[in-house]
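Shown next, in structure tokens, is the structure this report addresses.
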Amino acid sequence: MHAPHAAPTAETLRTALAGLLDGLPPRQAAQAVDRLIANYRGRTPTDTPVLRDRSDVAAYAAYRMPATFEAVHAALDALRERAPEWTPASHLDIGGGTGAASWAVAAAWPDGAHSTTVMDWAEPALALGRELAGRSPATPLREARWQRRSLSSDLALPDATDLVTVSYVLGELTPPDRRAVVGEAARTAQAVVLVEPGTPDGYLRIREARDQLVSGGFQILAPCPHSAACPIEPGADWCHFAARVSRSSLHRQVKGGSLGYEDEKFAYVAATRFPASGEAVGASRVTRHPQTRKGQVLLDLCTPDEGLTRRTLTKRHGPLYRAARDTAWGDTWPPPEQ
């Protein structure tokens, strides 16, 4: 058993990341991020990682890790909402790179004693992830194992893992490798959480993986309120959500703008082999920003029985109307206390 440990947070991650850029000229870091944004996600064969050296990895990690952390943490929160009594004893992060998802898992279960293994094909990313994890207050991160593995159709995972995360990775893989990675995750895990960019293509990859998980005997816990076919017509719309991310000075250098935050758009699925037990089971999901008008709130919902539908809440709905005014995109509906 690990000793109790302090929880890693977005702030502790940002503090650790800030140290990575010491000595790296800001202009060089910004140029590296520009190049990597253009080339890294979605067009990289698994045998030729674009993250070439430590400076590449440091710049990219400082830019992307906070957003990945927040997106994965939001997906894990949705899993925990529906399975509040479940705690993973082991965690495998496939394609985890510098370990953002592992930080999110350690933050989601701060009192847990899970072990973490991070697998990736880019040795510079693993090395830097190990260095960052060493600065974390969380025992699972400090004691994590970092393994260089090719994410291909011959991937073989351990026979039993409680939680598998795959974040911002599926788009880098060929379709056969993608199916193999999801299949291996399904074979070994009790719970699988997949996160992709909140784009139409990212949603389609999540949708395909969701179907594969359901075929493998998994129950979909989030964001969907059911395990039936997704009711969205491909090409007409896509399911995605947003997580608020504090913007670092590097973010502002690369993207410009003056806001101290940005919203990371992401698509995800959380699925388990065990039944859900939380109060949110059977609740609908708010799939768009609620529209607040004079005396009414319009909620676009994905529901367990009716597919996609819109609810209009007015003052005559009393407590439900007041709850709707406080409801946000991505929340469950109705609130558990209603």
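Of all residue pairs spaced 6 or more apart or on separate chains, those with beta-carbon atoms under 6 Å, a first member in segment 285-310 that is among the hydroxyl-bearing types (S, T, Y) and a second member that is open to solvent by less than 20 Å² (accessible area, probe 1.4 Å) are T287/C302; T303/S284; T309/L301; T309/T303. Under the condition of being more than 18 Å from the chain's Cα centre (by Cα) and open to solvent by less than 10 Å² (accessible area, probe 1.4 Å), the residues counted in segment 186-217 number 1.
Scanning segment 309-326 for residues that are under 12 Å from R293 (Cα atoms) and of a type in the set (K, R), we see that the one that is nearest to the chain's Cα centre (by Cα) is R325.
Look through T139, T117 and report the one residue that is within 20 Å of the chain's Cα centre (by Cα), of a type in the set (S, T, N, Q), modelled with pLDDT of 90 or more and more than 20 Å from R54 (Cα to Cα).
Numbers: T139 fails: within 20 Å of the chain's Cα centre (by Cα).
Sole residue among the options that is within 20 Å of the chain's Cα centre (by Cα), of a type in the set (S, T, N, Q), modelled with pLDDT of 90 or more and more than 20 Å from R54 (Cα to Cα): T117.
Note on segment 166-211: residues that are among the acidic types (D, E) and in contact with a Lys or Arg (Cβ under 9 Å, 6 or more places away or on another chain) total 3.
Could you please find all residues in segment 229-244 being open to solvent by less than 60 Å² (accessible area, probe 1.4 Å) and assigned to a loop (DSSP other than H, G, I, E, B)?
First, pick out the residues of segment 229-244 that are open to solvent by less than 60 Å² (accessible area, probe 1.4 Å): 230-232, 237, 239-243.
Scanning segment 229-244 gives C230, P231, I232, C239, H240.
Note on segment 165-197: residues that are in contact with an Asp or Glu (Cβ under 7 Å, 6 or more places away or on another chain) and basic (K, R) amount to 0. Taken over segment 159-185, the residue count meeting the criterion of being in a helix (DSSP H, G or I) and open to solvent by less than 10 Å² (accessible area, probe 1.4 Å) is 4. Which of the residues spanning segment 104-139 are closer than 22 Å to Y60 by Cα and open to solvent by 10 Å² or more (accessible area, probe 1.4 Å)? Residues satisfying the conditions are A107, T117, W121, E123, P124, A127, R130, E131, G134, R135.
The values are calculated or read from the model by the stated rules, or taken from the named source; none is laboratory data. Predicted model, so just to flag it, every value in this text is computed and none were measured. We place every Cβ from the backbone using ideal geometry, glycine too, and count neighbours over all the protein chains shown. Heavy atoms of the whole protein, side chains included, go into the accessibility calculation; ligands, DNA and RNA do not. Shrake-Rupley method; radii C 1.70, N 1.55, O 1.52, S 1.80 Å.
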